[in-house]
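Have a look at the structure below before the remarks.
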Amino acid sequence: MLLIECPWCGPRAETEFSYGGEAGILRPADPEALSDAEWADYLFYRSNSCGAHRELWNHAQGCRRWFGVERDTVSYRIERSYSLSSTETSLASGSDATVKAGADATAEAGADATGDADSGFSAGKGG
């Protein structure tokens, strides 16, 4: 079992969390202009890389906030957890803009960015 560190609640068992997929997937600026193949690529295709990987996790049985995790997919070692409002760099991409843009795109998808316990995503501070 993984021990995942929530930026707000601290280390918790993997069973308290829900996996949200690969982090940093940017929503297309003009989805209606995409072909069916391009839309399918955005919706379904992910890098599925070996090694360092950025992921989204939700603390479903805790504070209910979304956050990012950098994890090695081979060893399952978690390098760090971070709030989605942070502009910290990533092992996977090395880009501040990607982390920040991913958080903005996620919040844009209809989530409340106030940090309330009932919201899906948070703009709260984390480590």
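The values are calculated or read from the model by the stated rules, or taken from the named source; none is laboratory data. A quick note: this is a predicted structure, and the numbers were derived from the prediction, not measured. Using ideal geometry, Cβ is built from the backbone for each residue, glycine included, and neighbour counts are taken over all protein chains shown. Please note that ligands, DNA and RNA were not included when accessible areas were found on the heavy atoms of the full protein model with its side chains. Shrake-Rupley method; radii C 1.70, N 1.55, O 1.52, S 1.80 Å.
Counting every C-alpha pair in the range 2-88, the share spaced more than 21 angstrom apart comes to 38%. Computed over protein heavy atoms with a 1.4 angstrom probe, the accessible surface ordering of 81, 18, largest first, is 18, 81. Computing FRET efficiency as 1/(1 + (r/R0)^6) for residue 42 and residue 13, where r is the C-beta to C-beta distance and R0 is 41 Å, gives about 0.80.
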